[in-house]
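The values are calculated or read from the model by the stated rules, or taken from the named source; none is laboratory data. This structure is a prediction, so every number in the text was calculated from the model and none was measured. Note: areas computed on protein heavy atoms with side chains; ligands, DNA, RNA excluded. Shrake-Rupley method; radii C 1.70, N 1.55, O 1.52, S 1.80 Å.
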Amino acid sequence: VFHGRIVARRVVGQETRYEVEVKAPYRQRFPLVAREYLWVPNTCGCPALRQGGDYLLMARRHVNHEHTLNRILLQDDGYARPWTPREARLVREAARHC
């Protein structure tokens, strides 16, 4: 779970790749760097993440069986909401209890 700003969007094959500036990690099982690529397994723009927008994102690390692909994936059951100070406070509180 992290706060990120969408820098760019690009359709690659049957997927959408967002370049994300990581503003603040809240809870993570894998390290994040200042700029990450966030992959969405469709091209419909769902969820609709607009360039320049700040979001609270819950994604997972996806590594294929051959270990040749290692990326952050926002799946259908993932979480993408516009970032607000209230949303950030709720996530910080939840992270303390989990």
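Could you pull out every one of the strands (runs of 3 or more DSSP E) wholly within region 8-78 that has 3 or more residues that are open to solvent by less than 60 Å² (accessible area, probe 1.4 Å)?
Counting at least 3 such residues, we get 15-25, 35-40, 54-58, 70-73.
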Could you say which residue among Val40, Val20, Val11, Val1 is among the β-branched types (Val, Ile, Thr) and more than 11 Å from the chain's Cα centre (by Cα)?
Val11
